[in-house]
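*Asks:* Before I ask anything, here is the structure I am working with.
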Amino acid sequence: MASKHILVIDDEIGIRELLRDILQDEGYQVQLAENAATARAMRLHERPDVVLLDIWMPDCDGISLLKEWANSGLLTMPVVMMSGHGTIDTAVEATRIGAFDFLEKPIALQKLLKTVATALKHSEQLPKSEMNLISLGKSPIVVALKERLDKIASSSSDAPSPVLLIGPLGCGAELCARFLHNTNTPWLELIEYSQLVTAPLDVLASANDGVVYLPEIAELNKTEQKGLLLLITKAEKYNVRVICGTSHNLQKLQAEGLFDHNLLQILSAVSLRVPALEEHKEDIPDLVVTIANLQFELANVPYREFDIAALNALRNANWPGDIAQLDAVVRNLIQTSLDDKITLDDVNRVMHQFDGGLQPETKVTVLATVNGARHSILEIETNLNQPLREARDDFERLYFNYHIKSVAGNMNKLAEVSGLERTHLYRKLKQLDVKIKG
């Protein structure tokens, strides 16, 4: 069996070398780093089994480095903090961020070896690295989302309330749902919606004290919606939190008779909007680094650094598939780029491939009857593989843009042509993001 790898980070050479000698005598493989910059570079290329991290260092204190690793998805190993000036407050802060333990200098030999052995056992039980809520970013809109989720998670209510997460496909709603899930309790992502009709109580029993997560409740039919309503009303008995996601306007579906009024009412009590990536593009560079780090951790691929031009290009790109699409592009770049550093040329190459492949498009010829005769008025490219509601929105945009042009932007005439009352017409155009112009 390969010896365990321990990284010791301390600015005092005497302490570094003493710890190395002690740990090597115990059969461990030991690497030394004299400051945070060296430790940062080492961590990008290898995952140690345990880290011994001094709090007081000249270039960057240990708490800041610990926080940096936590924020970028790199805190996937136990970190034991060390300090000769330790205080209770510092230990509490380190533990809150994710430190495994805290050692005060001078460190007793037996205490050191016992702590390292315990940390190594913990390391073997750690789950695989994954994206989490912290990964979403540090922009004000994401920070506010985290605060609201934290408030929901820490609610003193006896029974966990159902939660509705609203946001575009691929926006990271599941990361928010998992934040509300307590470690070591059941997590059930419900995909077979028929269970809501045939066995809703069995679903609750299998998720007892945990979470039931439904990624897209707009897909439920009327009977399944009734089953979900029953499941929510019985969830308190099983101490289960029901979390539902949607990328659709449920109020609109309810108005059209497609979504249950009572279900919408109970879900609306605690609902949160998860922002689209378009709303926090400043987080994209950090997201890219996090995704790259996870690939290094999980797929065992060499770490690839992104140059500034590449990160700027990704930040300025459009992301209709949101974080899920960004994740796919970054994975592609890591797997297919030839040099050690990913450049702007690499980004342009992959983005061009995705432009052509992520949204399958079909050319459609639009015909119209003018003065009793059929005419081809234009040829458009549209995605026929999308859901019916999105395809209908595409057609309505085409319809209104055509008629706005034909009536030279006259709203009275447009209302007459479309057969809509003016207030309804304005609302419809705003919903479709259609601009009024002649």
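*Asks:* Which residue out of Glu17, Glu26, Glu68 is closer than 30 Å to Val288 by Cβ, among the acidic types (Asp, Glu) and open to solvent by 50 Å² or more (accessible area, probe 1.4 Å)?
*Replies:* Result of the check over Glu17, Glu26, Glu68: Glu68.
*Asks:* All but one of (1) hydrophobic (A, V, I, L, M, F, W, C); (2) surrounded by 18 or more Cβ atoms within 10 Å (Cβ to Cβ); (3) under 18 Å from Leu169 (Cα atoms) hold for Leu272; which doesn't?
*Replies:* Among (1) hydrophobic (A, V, I, L, M, F, W, C); (2) surrounded by 18 or more Cβ atoms within 10 Å (Cβ to Cβ); (3) under 18 Å from Leu169 (Cα atoms), Leu272 violates only (2).
*Asks:* Applying the selection to the stretch 157-186, what residues are in a loop (DSSP other than H, G, I, E, B), open to solvent by 40 Å² or more (accessible area, probe 1.4 Å) and in contact with a helix residue (DSSP H, G or I) (Cβ under 6 Å, 6 or more places away or on another chain)?
*Replies:* Of everything in the stretch 157-186, just one residue is in a loop (DSSP other than H, G, I, E, B), open to solvent by 40 Å² or more (accessible area, probe 1.4 Å) and in contact with a helix residue (DSSP H, G or I) (Cβ under 6 Å, 6 or more places away or on another chain), namely Pro168.
*Asks:* Additional query: Out of the residues in the stretch 29-48 meeting the condition of being among the small types (Gly, Ala, Ser) and surrounded by 17 or more Cβ atoms within 10 Å (Cβ to Cβ), tell me which one is farthest from the chain's Cα centre (by Cα). Let's see the steps before the verdict.
*Replies:* Restricting attention to the stretch 29-48, the residues satisfying the condition of being among the small types (Gly, Ala, Ser) are 33, 36-37, 39, 41.
Now restrict to residues that are surrounded by 17 or more Cβ atoms within 10 Å (Cβ to Cβ): 33, 36, 39.
Numbers: Ala33: 32, Ala36: 28, Ala39: 27 Å.
Taking the candidates together, the pick is Ala33.
*Asks:* Counting residues that are over 23 Å from Ile334 (Cβ atoms) and over 23 Å from the mean Cα position of the chain (by Cα), which helices (runs of 4 or more DSSP H) fully inside the stretch 214-317 reach at least 1?
*Replies:* Values: elements: 222-238, 250-255, 261-267, 284-298, 308-316.
Qualifying helices (runs of 4 or more DSSP H): 222-238, 250-255, 261-267.
The values are calculated or read from the model by the stated rules, or taken from the named source; none is laboratory data. Since the structure is predicted, the reported quantities are computational estimates derived from the model, not experimental observations. Cβ atoms come from the backbone with ideal geometry, glycine included; neighbour counts cover every protein chain shown. Heavy atoms of the whole protein, side chains included, go into the accessibility calculation; ligands, DNA and RNA do not. Shrake-Rupley method; radii C 1.70, N 1.55, O 1.52, S 1.80 Å.
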